[in-house]
Amino acid sequence: STPLLGINADVVNMVGHPLCPDVTAAQTQAVASHLRSISSGRFGTSSGALPPKEAGEARAVLRSLFLESGEVTEAFAKTFHLGTLLMSDKRPSPDLPSPREAIWAVYVWCRRTDEIVDAVRAAGDRSMTDELAEWSVRLERLFGEGEAVDALDLPLLAAVVAYPGLDVGPFRDMIKGMLMDVPGLGQSRYDTFEDLEVYCYRVAGTVGVMSVPIFGVEEGRTVEEAMEPALSLGVAFQLTNILRDVGEDASPSRDRIYFPRSTLAMFGVPEQDIIDRRVTPAYRRAVAHEVARAREYYKRARRGVFMLSPESRLPVQASLDCYSRILDKIEENGYDNLNMRAYVGKAEKAGIVAGGSWYRAMDVSRDLPLWGEEKVVM
């Protein structure tokens with residue numbers, strides 16, 4: 001099989017087995033041809049539909065690849081994966097992915113992009129810039145011509161065929177965001193929150209934008225209307241990641257401090273306190289300030305839940321509730337995110353979903369919120 005760009009030994013170890021080892025290069029191209037033939041002309045002329053036997057084989061390959069995409073998602077993003085399990089598994093056709101499978105395909109592309117940028121390279125390995133240049137060209141050809149280079153490109157190609165609203169723009173923006181973390185090319189400090197917000201949009205807000213055409217919107221709404229809350233949810237997730245990982249990111253091996261310098265200055269926190277993992281009253285106030293800011297993004301995102309198609313609301317609301325619970329944990333830890341890990345376990349996540357997410361996803365919750373919560377103003 002063709003080597004998989006962005007799938008290294010670390011990814012294989014996390015998943016627990018090699019990915020698509022039995023899919024040959026010839027099969028990959030046959031499946032890609034099949035997808036182009038059922039794309040309603042999105043990619044211009046095609047070679048025509050496969051004979052029934054070969055079409056059935058292509059379908060079987062795709063189903064196995066969708067499952068493997070789900071395994072990658074679960075291995076690296078457990079909270080996100082939990083939300084996807086609440087999504088519809090109904091395929092628009094036997095050849096194309098369900099919304100759940102399409103989101104897994106998008107996640108795998110994002111994961112591969114991240115691995116290309118972050119991979120540890122040995123002498124003689126291709127450079128990150130060379131691989132990323134190839135990856136960018138592959139992205140354009142997948143969206144523009146329906147091309148697949150390796151088997152793990154196929155789930156995303158199938159998603160593009162199934163959900164025509166998927167646009168290449170946020171995928172391009174994510175590549176730009178990943179580059180912002182590269183030493184020598186990007187940045188390891190941010191002067192203002194506005195600077196940090198650009199980074200958060202590119203590496204996470206983009207995922208919200210990618211997802212809306214797959215989730216679908218309620219009757220009477222447009223995809224464009226739902227984009228801003230979806231983007232806000234992605235930014236909220238990334239701000240939560242940043243707040244959870246401050247100590248880890250500031251370690252000598254990473255040397256990244258995402259906290260805006262303007263916030264540190266506002267509360268009188270020297271950068272060295274973060275590097276030394278010194279939790280002072282001033283530092284706790286700075287963290288509390290950024291937690292409150294992240295909550296504002298969750299509040300904006302909450303409006304967007306009611307813009308989505310009814311079957312997509314619970315998975316999004318559940319992801320929002322489970323991830324925002326990390327902010328509660330940071331508070332419970334006394335705002336010490338330098339020495340203590342804010343963690344939400346699997347059982348607790350299940351309790352969050354059963355205890356409120358299902359209700360918050362219903363229209364009635366807009367005007368009759370749970371006790372202690374605010375009404376949702378659309």
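The values are calculated or read from the model by the stated rules, or taken from the named source; none is laboratory data. Note that the coordinates shown come from a computational prediction; the quantities given were computed from them, not determined experimentally. Note: ideal-geometry Cβ built from the backbone for every residue, glycine included; neighbour counts use all protein chains shown. Areas reflect the complete protein model, heavy atoms only, side chains present, ligands, DNA and RNA absent. Shrake-Rupley method; radii C 1.70, N 1.55, O 1.52, S 1.80 Å.
For segment 109-135, how many residues meet the condition of being under 18 Å from the mean Cα position of the chain (by Cα) and more than 23 Å from residue 157 (Cα to Cα)?
Of the residues in that region, 1 qualify.
Restricting attention to segment 101-122, does a residue exist that is closer than 24 Å to residue 161 by Cβ and assigned to a loop (DSSP other than H, G, I, E, B)? Full working, then the answer.
Keep residues of segment 101-122 that are closer than 24 Å to residue 161 by Cβ, which gives 101-113.
Among the residues that remain, those that are also assigned to a loop (DSSP other than H, G, I, E, B) are: none.
So far as segment 101-122 goes, no, none of its residues is closer than 24 Å to residue 161 by Cβ and assigned to a loop (DSSP other than H, G, I, E, B).
Kindly list the number of the only condition in (1) touching a helix residue (DSSP H, G or I) at 6+ places or on another chain (Cβ under 9 Å); (2) assigned to a helix (DSSP H, G or I) that fails for residue 347.
Among (1) touching a helix residue (DSSP H, G or I) at 6+ places or on another chain (Cβ under 9 Å); (2) assigned to a helix (DSSP H, G or I), the lone unmet condition for residue 347 is (1).
Restricting the search to segment 123-136, which residues are assigned to a loop (DSSP other than H, G, I, E, B) and among the aromatic types (Phe, Trp, Tyr)?
Initially, segment 123-136 is screened for residues assigned to a loop (DSSP other than H, G, I, E, B), giving 123-127.
None - no residue of segment 123-136 is assigned to a loop (DSSP other than H, G, I, E, B) and among the aromatic types (Phe, Trp, Tyr), so the list stays empty.
Condition first: more than 19 Å from the chain's Cα centre (by Cα), closer than 30 Å to residue 257 by Cβ and among the hydrophobic types (A, V, I, L, M, F, W, C). Can you find one or more residues in segment 339-351 that meet it?
Yes: one or more hits.
Residue under question is residue 244, and the condition is that it be modelled with pLDDT under 95, closer than 23 Å to residue 329 by Cα and surrounded by 16 or more Cβ atoms within 10 Å (Cβ to Cβ); does it hold?
Working: modelled with pLDDT under 95: no; closer than 23 Å to residue 329 by Cα: yes; surrounded by 16 or more Cβ atoms within 10 Å (Cβ to Cβ): yes.
When the stated conditions are applied, residue 244 does not pass them.
With 319, 357 as the choices, which residue is open to solvent by less than 10 Å² (accessible area, probe 1.4 Å), touching a helix residue (DSSP H, G or I) at 6+ places or on another chain (Cβ under 9 Å) and hydroxyl-bearing (Ser, Thr, Tyr)? Step through it out loud before you land on a result.
Numbers: 319 fails: open to solvent by less than 10 Å² (accessible area, probe 1.4 Å).
Testing whether each residue is open to solvent by less than 10 Å² (accessible area, probe 1.4 Å), touching a helix residue (DSSP H, G or I) at 6+ places or on another chain (Cβ under 9 Å) and hydroxyl-bearing (Ser, Thr, Tyr) leaves just 357.
Yes or no, residue by residue, for (1) buried (at least 20 other Cβ atoms within 10 Å of the Cβ); (2) at pLDDT 95 or above:
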| residue | (1), (2) |
| --- | --- |
| 85 | no, no |
| 100 | yes, yes |
| 104 | yes, yes |
| 107 | yes, yes |
| 114 | no, no |
| 117 | yes, no |
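Please find, among 90, 53, the residue that is farther than 15 Å from residue 4 by Cα, in a helix (DSSP H, G or I) and among the charged types (D, E, K, R). First the steps, then the outcome.
Numbers: 90 fails: in a helix (DSSP H, G or I).
Just a single option satisfies the conditions, and that option is 53.
For segment 6-59, name all the residues that are hydroxyl-bearing (Ser, Thr, Tyr), under 26 Å from the mean Cα position of the chain (by Cα) and closer than 19 Å to residue 150 by Cβ. So that I can check it myself, show each step before the final result.
Taking segment 6-59 as the starting set, the residues that turn out to be hydroxyl-bearing (Ser, Thr, Tyr) are 24, 28, 33, 37, 39-40, 45-47.
Next, from what is left, pick out any that are under 26 Å from the mean Cα position of the chain (by Cα): 28, 39.
Listed by number, the list holds a single entry, 28.
Results for (1) at pLDDT below 95; (2) part of a helix (DSSP H, G or I), shown as yes or no for each residue.
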site: 294; (1), (2): no, yes
site: 301; (1), (2): no, yes
site: 319; (1), (2): yes, yes
site: 328; (1), (2): no, yes
site: 331; (1), (2): no, yes
site: 337; (1), (2): no, no
